[in-house]
Every structure is written in C-alpha cells, then in structure tokens.
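Please read the structure below before turning to the comments.
The values are calculated or read from the model by the stated rules, or taken from the named source; none is laboratory data. This structure is a prediction, so every number in the text was calculated from the model and none was measured. Don't worry about glycine lacking a Cβ; one is built from the backbone with ideal geometry, like all the others, and counts go over all protein chains shown. Heavy atoms of the whole protein, side chains included, go into the accessibility calculation; ligands, DNA and RNA do not. Shrake-Rupley method; radii C 1.70, N 1.55, O 1.52, S 1.80 Å.
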Amino acid sequence: MSHVGVPRGTARKRRSLALLTTGVLTLPVLAGCSSDDGATGATAPQDIAVAGRSMVAEGGTVNWAVDALPTTLNAFQADADATTTRITGALLPTLFPLDAKGRPQLNPDYLESAKVVESEPRQVVLYRLNQQAVWSDGREIGAPDFVAQWRALSGKDSAFWTARNAGYDRIEKIERGADDLEVRVTFAKPYADWRSLFSPLYPKDVTGSPDAFNDGARTTLKATSGPFRLRGVDKATGEVTLVRNPRWWGSPAKLDSLVFRAVATGDRTGALAAGRVDVADVDAASAHRIAQAAGGRGADGQPLAQGTGAG
C-alpha cells in the first residue's frame, strides 16, 4: 500500500509537501516522537522513509483515513486492528520502538536504561524509568503497571480476553527495584525478545481486572501517557480525535490535533482530492494518479507519493 496526502491551502500545502516529498506520513513523526538515534517511535518497522522533526511544520490538524473506528483501544485483544495500534502509539508508552530496519531502540522518554543484569539461575531484566514519566492522572509509571499487565497477559487467568501472551508467560515475578524508578523482571525461562514486552504499556487501571481489561478500554482510556491525549470517539461521525498533550515531558507533538476518520477504501481517492482527508492508504495506481493530479513533484523535486508495492 501507499500512504498519500493532498494539500489544502497555502499553510496546509507547506506542511503536506514536507511530508509527502519524503514519503513520511507516519504517526510517530507527526506526534513528535522521533529521535536522533533513528528510532521511529512505531511498534513495527517502517516501510516508508523517515524525516526529521525539522521537516514537519508546527500546528494544524491532520485527518487520517482508516477503514473503520476501532472496536477496542486495547491492543492486546483479538479484535484490535491497525487503527488500534496507530492510536495507542500516540497515547501509550512504547518502551522499545523499532527503527526503520526493525531494530528495537530504547525510548528515552520512558526509560533511562533497560538491560539484562542476571542470566543465572534466572534471567533478570532491570528497567530504570525516566523520572518524568507519568500517567495523565499524575501517577508515576511504575512496577504496579508492569505487574498488572503481566498478570493480565500471562495466560494463567482465562477471565482476561487476551489475543496473545508470548513472553509474558515466561515471567516468574516482577518486583520494585532499589527505588520507585526501578522495575525488576525475573523470567522463569530465558526470553531473548524481552524488549518486545510492555509495549504498549497500559496503566494498571486497564489491566488490573478482567472487567477493565475486557470492556473498560474499548471506547476510552481513563489515563494515558504520550505526546497526544484522547479527546473522544464519535461514532456518529466516525472519528477519533487526539489532541496535543500539554503535560507531555518529551518533545512536544508538532500537530495540534490528529483525527482518524472512517473512510471506505473506494472513497479514499475522492476524499483526498476533495481535502476531506490528508492521509490515506491507497493502492499504487491510485497513488500515481493522485501524484500526477498534484503536479507530480513537491518543493524539493521528489515524487509526491511514494508507493511500497502494488497494493
């Protein structure tokens, strides 16, 4: 698929071209989560180029076409989808986002360090949290959140409707470290892919009980911790709106707001052309037609739409 956008107005045009001419229409860059070490802030390796923050204009709203409103905001449930992942990527901690080559990179917004400190007789990973990392309700991110997520996803309690438990089922215990900023995770069996765990990390209010896990996080998240916060889910208009989080301690989001709008696949080319959406997944042929309609090339002479395949 290709990610494509169509500019609207002079100010919007400057921002859109900066994104389009580099092929960058990924949430982490728009959210302001990218870093100089090459991490993209995504939970999957990127299939399009990554641009620096300086290339993204300040302010405004981006309307992003999605297939449908997510049925849940809990990324660990079976009915979670790509839209769930995109939304939670802006609202919740990802401890080790993957870079463009699929390599996990420590996220300094949430972690000072994380490493294996013991291998025998048990593998022990020690997380040192960023002291500024808090949930939107003011509570520090800490061991209770790790414990609750582990218990929910361990597979030992069938009351939690989980889609997967890989890795969590190998954890033997989780403890507070030397102080409140340390979390000590002991594995019953070695787990080489430990960096994939606790991403996204949910607050204990979501993972602490089956009722909260199964139903409480379907349409809202009471506490978040990311560059954006959830303004609301509007089923009538088919929109999920995220707005800049004023309490975010990291690099602030570039956008004022980000709106995910349900648009049928067949309607996306028209929606882009009419300016109802700014970002959409379309097939390569549609991307080519849109690029030609927009003049074919942006301010730096590069193609406006960069496809990743035939769709």
(request) Take the range 95-156, drop everything but the C-alpha atoms, weight them equally and run the Debye formula without solvent; then report log10 I(q)/I(0) at 0.21 Å⁻¹ to two decimals. (result) -1.07
(request) With the full set of protein chains in place, find how many percent of the accessible area of the range 116-217 is carbon and sulfur; take the probe as 1.4 Å. (result) 45 percent
(message) Greater than 19 Å separation of Cα atoms is the criterion. Which listed pairs, LYS173/LYS204; LYS101/LYS254; LYS115/LYS189; LYS156/LYS222, meet it?
(response) LYS101/LYS254; LYS156/LYS222
(message) Accessible area per residue for the range 211-280 in Å², computed with a 1.4 Å probe and the full protein assembly in place, what is it?
(response) 44 Å²
(request) Find how much the distance from GLU112 to THR220 grows on full extension, using 0.36 nm per residue of separation minus their present alpha carbon separation; answer in nm with one decimal. (result) 36.0 nm
(request) Would you kindly state how much longer the chain becomes between ASP81 and ARG247 on full extension, computed as 0.36 nm times their sequence separation minus their alpha carbon distance, in nm to one decimal? (result) 57.0 nm
(request) Name the residue farthest towards the positive end of the dipole of the range 77-226 from the options ALA148, SER119, ALA223, assuming +1 on Cβ of Lys and Arg, -1 on Cβ of Asp and Glu, about the Cα centre. (result) SER119
(request) With only alpha-carbon atoms counted, please give the Rg and Dmax of the range 105-207, in Å. (result) 13.2, 39
(request) Just report the Cα centroid separation between the range 156-201 and the range 82-155, whole Å. (result) 10 Å
(message) As an exercise, use a Förster radius of 22 Å and the Cβ-Cβ distance of ASP211 and ARG231 to find the FRET efficiency, rounded to the nearest 0.05.
(response) 0.35
(request) Hey, could you get me the Stokes-Einstein D for the range 178-267, Kirkwood radius over alpha-carbon pairs, 25 °C and 0.890 mPa s, rounded to whole µm² s⁻¹? (result) 150 µm²/s
